[in-house]
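S.K.: This is the structure I want to talk about, given as structure tokens.
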Amino acid sequence: VSPLYDALYRDGLINDSFGCHFSWDASYGFLACGGESEKPAEAAKRLREGLAAACRDGLDELIFAAQKRAAAGEMVQALDSVEHGGMVQARASLLPVDLFDYPSIYDKIDPVQALSQLSFLADPQAYVTALVTPRR
């Protein structure tokens, strides 16, 4: 969890349905976020502002280290699922990376490197917002 997530949650702009997915390769990168909100436009605006601020101000190293450990743990936990473990192995085979190299890969990631991969989030033109509202 991050201070941005905590602030959005505390202010009632997101709830436990909120989630995100980050994907990056040599030729592209994207961050997709979503969930239910009573004020989706305000939630999206605050999220964009918070992400841009993180790019500008840098990442908290203690929080980053905790999130990195959590991500590594989730990867190991995913191996309990045959389906997810198979997907992770297939993805690793395409890179090519040995599935059991993931822990050492996580160890090598530092906040500066991670922030460089997220630098596109500092550009307001890089954002697209789609709000899905129920018919009334």
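The values are calculated or read from the model by the stated rules, or taken from the named source; none is laboratory data. Keep in mind it's a predicted model, so treat the numbers as computed, not measured. Here the Cβ positions follow ideal geometry from the backbone for every residue, glycine too, while neighbour counts run over all protein chains shown.
S.K.: For the range 106-130, give me each residue that is surrounded by 10 or more Cβ atoms within 10 Å (Cβ to Cβ), of a type in the set (A, V, I, L, M) and part of a loop (DSSP other than H, G, I, E, B).
M.R.: Ile109, Leu118
S.K.: To continue, here is another question. Looking at the structure I just gave you, is Ser93 modelled with pLDDT of 80 or more, of a type in the set (Ser, Thr, Tyr), part of a helix (DSSP H, G or I) and within 18 Å of the chain's Cα centre (by Cα)?
M.R.: Considered against the rule, which asks whether it is modelled with pLDDT of 80 or more, of a type in the set (Ser, Thr, Tyr), part of a helix (DSSP H, G or I) and within 18 Å of the chain's Cα centre (by Cα), Ser93 comes out as no.
S.K.: Here's another thing I want to ask about it. Do we find a residue being outside any loop (DSSP other than H, G, I, E, B), among the aromatic types (Phe, Trp, Tyr) and in contact (Cβ under 8 Å) with a residue 60 or more places away in the chain anywhere in the range 24-39?
M.R.: yes
S.K.: Filter the range 19-32 down to the residues that are aromatic (Phe, Trp, Tyr) and within 21 Å of Arg69 (Cβ to Cβ), then identify the one that is modelled with the highest pLDDT.
M.R.: Out of the qualifying residues, it is Phe22.
S.K.: Quick test for you: out of Gly85, Gly12, pick the one residue that is surrounded by 12 or more Cβ atoms within 10 Å (Cβ to Cβ), at pLDDT 95 or above and not hydrophobic (A, V, I, L, M, F, W, C).
M.R.: Gly12
S.K.: Name every residue in the range 56-79 that is more than 20 Å from Trp24 (Cβ to Cβ), modelled with pLDDT under 85 and of a type outside the set (A, V, I, L, M, F, W, C), in order of residue number.
M.R.: Across the range 56-79, the qualifying residues are Gly73, Gln77.
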